[in-house]
Ligand code: BTN
């Protein structure tokens with residue numbers, strides 16, 4: 001069973017906290033990124049997402065959006081929650097980071113893509 005609720009850290013050193021899921025599989029939380037594409041001072045930012053709601057989804061797919069408080073950018077993450085061979089939970093994600101540009105002429109350079117792997121910050125007892 002892979003559970004999204006809790007505290008996670010990724011390969012960049014970013015940390016996030018995901019709250020309890022509601023009956024529709026929706027959740028909110030907070031994201032503390034370790035890095036930024038800007039020169040702004042990093043601030044903890046809110047996230048909102050949902051987990052796919054099929055029955056018996058022990059390794060569910062999910063997506064969430066981070067609305068950055070310290071920049072004009074938005075990142076969307078999508079991924080799947082897995083339990084690895086050692087029983088550890090792991091979130092395999094891909095993300096798109098959309099930056100604001102001043103002109104439609106600069107639209108071509110406004111989106112970055114990448115992957116992040118998250119593990120639980122404090123493993124569940
Ligand atoms: C910005 O720089 O405008 C906002 C912060 C973006 C941080 C990105 S989101 C994808 C990647 N994964 C992280 O944990 N941080 C970076």
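Since every read-out is calculated from the coordinates, none of them should be taken as a lab result. Everything numeric here is computed off the predicted structure, so don't read it as measured data. Quick reminder, even Gly has a Cβ in these numbers, built from the backbone with ideal geometry, and neighbours come from all protein chains shown.
Say whether the condition of being under 21 Å from residue 122 (Cα atoms), within 9 Å of the ligand (Cβ to nearest atom) and free of Cβ contacts under 8 Å to residues at least 40 places away in the same chain is met by at least one residue in segment 38-54.
Looking for residues that are under 21 Å from residue 122 (Cα atoms), within 9 Å of the ligand (Cβ to nearest atom) and free of Cβ contacts under 8 Å to residues at least 40 places away in the same chain, one finds at least one in segment 38-54, hence yes.
Could you tell me which of the residues 5, 17 is within 16 Å of residue 62 (Cα to Cα) and within 14 Å of the ligand (Cβ to nearest atom)?
17
Could you count how many residues in segment 91-109 are in contact with a strand residue (DSSP E or B) (Cβ under 6 Å, 6 or more places away or on another chain) and in a loop (DSSP other than H, G, I, E, B)?
Count: 0.
With the condition kept exactly as written, say whether any residue in segment 4-11 is closer than 17 Å to residue 97 by Cα, surrounded by 14 or more Cβ atoms within 10 Å (Cβ to Cβ), in contact (Cβ under 8 Å) with a residue 24 or more places away in the chain and within 15 Å of the chain's Cα centre (by Cα). Step through it out loud before you land on a result.
Initial filter on segment 4-11 (closer than 17 Å to residue 97 by Cα): 10-11.
Remaining after also requiring surrounded by 14 or more Cβ atoms within 10 Å (Cβ to Cβ): 10.
Remaining after also requiring in contact (Cβ under 8 Å) with a residue 24 or more places away in the chain: 10.
Okay, now just the ones that are also within 15 Å of the chain's Cα centre (by Cα), so 10.
Yes: segment 4-11 contains one or more residues that are closer than 17 Å to residue 97 by Cα, surrounded by 14 or more Cβ atoms within 10 Å (Cβ to Cβ), in contact (Cβ under 8 Å) with a residue 24 or more places away in the chain and within 15 Å of the chain's Cα centre (by Cα).
Per-residue answers, yes or no, for (1) under 16 Å from residue 16 (Cβ atoms); (2) within 13 Å of the ligand (Cβ to nearest atom):
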{"residue": "67", "(1), (2)": "yes, yes"}
{"residue": "76", "(1), (2)": "yes, yes"}
{"residue": "89", "(1), (2)": "yes, no"}
{"residue": "99", "(1), (2)": "no, yes"}
{"residue": "114", "(1), (2)": "yes, yes"}
{"residue": "120", "(1), (2)": "yes, no"}
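Quickly run through segment 65-89 and pick out the residues that are touching a residue at least 40 places away in the same chain (Cβ under 8 Å) and within 14 Å of the chain's Cα centre (by Cα).
81 - this is the single residue of segment 65-89 that is touching a residue at least 40 places away in the same chain (Cβ under 8 Å) and within 14 Å of the chain's Cα centre (by Cα).
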